[in-house]
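Down below is the structure, laid out as structure tokens.
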Amino acid sequence: MKILLLVFTVLSFYSSAETKIVENFQFYKVAPTSKRDLLRTLNKASPIRENGHVFHGHTRYNISWRFWWQYKNNQCVFTKVKTTLKLKYTMPQLQSSKHDVKDIWSNWYPNLEMHEKGHGKLAKDIAYKIDQKLLSIGPKSSCEILEKTGNKLAYKLMDELKIANKSYDIDTNHGETQKAWLYMHL
């Protein structure tokens, strides 16, 4: 009887999830004068610096979530969840008419983009997971408890994303195993 009551209570609430993803690219210009000058020019032009290292691509993410609830029959349940992911890829943009430079760039750049989009996919997966997991939280005795439970779960998933991104960079050596390092194409 308790199981039927719980199923009825859960089904009596309408719930929906909405994940919004916004992707943007910010480009910095790279204008080498020759094939020999390409790596030096790229390193100098890159705005991406972390712990004394220069990187050629970067993925920044911001995930936010909102939820709505309904209190009914002495229980509070989420009725709607909206998660927004903003992705910003910072990438180089070649400005050269030299054929040998363009050839190297066209072999290397897709690998860099693939690596950065790998970071983007990790963020997308977590954004979708936040929506799914928040809606799967069962009814709570108060909306305050429901809100705290939801935020705790979402922040835990955000921590998982940080760990996943670090692991991805360790596993790929920041894209080297994906041939996203320019020196491999020179």
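Would you check which residues across the range 87-121 are touching a Ser or Thr at 6+ places or on another chain (Cβ under 9 Å) and over 16 Å from PHE25 (Cα atoms) and list them?
SER96, LYS98, ASP100, VAL101, LYS102, TRP105
One line per residue, one yes/no per condition, for (1) under 18 Å from ASN62 (Cβ atoms); (2) free of Cβ contacts under 8 Å to residues at least 24 places away in the same chain; (3) not polar (S, T, N, Q):
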residue: ALA127; (1), (2), (3): yes, no, yes
residue: LEU146; (1), (2), (3): no, no, yes
residue: LYS156; (1), (2), (3): yes, yes, yes
residue: ILE170; (1), (2), (3): no, yes, yes
residue: GLN178; (1), (2), (3): no, no, no
residue: LEU182; (1), (2), (3): no, no, yes
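Taking the range 141-181 only, how many residues are in contact with a Phe, Trp or Tyr (Cβ under 9 Å, 6 or more places away or on another chain) and closer than 19 Å to TRP69 by Cα?
Number satisfying all stated conditions: 7.
In this structure, does HIS174 turn out to be farther than 23 Å from ASN62 by Cβ and surrounded by fewer than 19 Cβ atoms within 10 Å (Cβ to Cβ)?
In short, no.
Filter the range 80-127 down to residues that are of a type in the set (S, T, N, Q) and at pLDDT 95 or above and give me whichever is surrounded by the most Cβ atoms within 10 Å (Cβ to Cβ).
Out of the qualifying residues, it is THR83.
The values are calculated or read from the model by the stated rules, or taken from the named source; none is laboratory data. On a predicted model such as this, the values are computed, not experimentally measured, just so you know. Cβ sites come from the backbone with ideal geometry, for glycine too, and all protein chains shown count toward neighbours.
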